[in-house]
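Below you'll find the structure, written out as structure tokens, and then a few comments.
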Amino acid sequence: MNSCDVVQLPFHQKSRRSLGREVTRTERFRQEQVQRFDFLYRIKAANHSTGRNEAVAELLCYLSLLRNAGTIRQQAVVQWDKAHVQSISASQSGQVGAHALPCQILIDGQRPSDLLLADVLDRESIRHRLRMLFGKVTVLPKIFNITDSRAEDNCLRGALVEACETVIRETQPVQRSAGVLRRGVGLNYGEIELTRGDRPEAAGVGIDHAAVQSAYQVWCERARETFDRTIAVVEARGATMAGQDVSGEVIYILGQYRDSLTRLPAILNDQRMYRLEEHLWV
């Protein structure tokens with residue numbers, strides 16, 4: 001017999017047997033739902049969530065620096081407010097501008113960018129960076145706005161507030177082992193531009209790496225709890241958009257958000273925090 005010939009077994013094609021109801025259900029969900037969501041949302045969800053985590057980590061660095069500079073008191077009251085600034089708006093139907101940070105943070109009733117900064121720090125640079133951080137927006141399909149709103153309603157904003165409270169409370173004056181505060185970039189790369197001798201009033205001022213890393217872990221723990229809680233709520237109550245059920249999409253995106261918390265932002269690396277700080281001295 002030719003190896004390409006078909007062997008006809010003694011039963012008709014129509015009598016093909018199922019592998020079972022559970023296998024069928026699982027495969028249908030995997031191929032019709034999960035793979036479709038992967039194609040439509042996986043990369044967008046990963047990028048949006050990674051951007052949010054990076055923004056949280058960067059904000060914690062600034063708050064630690066401002067705490068050590070005396071701009072923020074240790075027992076400062078941290079609150080959240082609706083977004084105050086936005087870098088871009090969606091121009092196409094069905095899309096929205098999704099903020100990286102889940103809310104505007106207020107320190108003793110003021111935006112961090114409006115606080116009176118110490119003379120040793122570059123006030124305009126820090127204010128600009130903070131405004132850009134809170135205004136950072138990514139244009140995404142509307143389903144992401146619905147998903148983010150559900151998470152925010154289940155205390156994602158509270159997770160950010162708690163992380164900010166932690167970094168402010170735990171930040172301690174830094175102990176510098178080296179006397180260099182800032183090195184040049186570009187054509188002046190590596191050249192010493194500022195030392196502790198030039199800024200004796202800067203003693204103890206800087207980003208407390210341990211406090212930032214501790215506060216970021218608080219963010220991760222509380223955010224993970226929020227995403228799990230939100231998934232449970234959507235499973236129980238559903239979610240709709242324009243009258244259509246989008247529960248599966250929302251749950252999938254929330255799962256991507258939760259999974260992204262296992263990847264630490266690059267800025268939490270000690271060298272990255274040193275470099276961030278270097279550019280903020282006067």
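The values are calculated or read from the model by the stated rules, or taken from the named source; none is laboratory data. All values reported here derive from a predicted model rather than from experimental measurement. Cβ atoms come from the backbone with ideal geometry, glycine included; neighbour counts cover every protein chain shown.
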Can you name the residue in region 93-139 that is assigned to a loop (DSSP other than H, G, I, E, B) and free of Cβ contacts under 8 Å to residues at least 40 places away in the same chain and is also surrounded by the fewest Cβ atoms within 10 Å (Cβ to Cβ) among such residues?
S93
Checked region 147-160 for anything crowded, with 19+ Cβ neighbours inside 10 Å and either touching a residue at least 60 places away in the same chain (Cβ under 8 Å) or over 26 Å from V77 (Cβ atoms) (or both); matches are T147, R150, A151, N154, L156, R157, A159, L160
Could you please give the count of residues in region 185-238 that are among the hydroxyl-bearing types (S, T, Y) and at pLDDT 95 or above?
4
Kindly evaluate A159 against the criterion of being modelled with pLDDT of 95 or more, in contact with a Lys or Arg (Cβ under 7 Å, 6 or more places away or on another chain) and either of a type in the set (A, V, I, L, M, F, W, C) or in a helix (DSSP H, G or I) (or both).
yes
Where residues in region 262-282 are aliphatic (A, V, I, L, M) and surrounded by fewer than 18 Cβ atoms within 10 Å (Cβ to Cβ), which of them is nearest to E235 (Cα to Cα)?
L264
Scanning region 162-173 for residues that are surrounded by fewer than 21 Cβ atoms within 10 Å (Cβ to Cβ) and at pLDDT 95 or above, the one farthest from I43 (Cα to Cα) turns out to be Q172
Please go through (1) over 19 Å from C61 (Cα atoms); (2) of a type outside the set (D, E, K, R); (3) modelled with pLDDT under 95 for L116 and return the number of the only condition it doesn't satisfy.
(1)
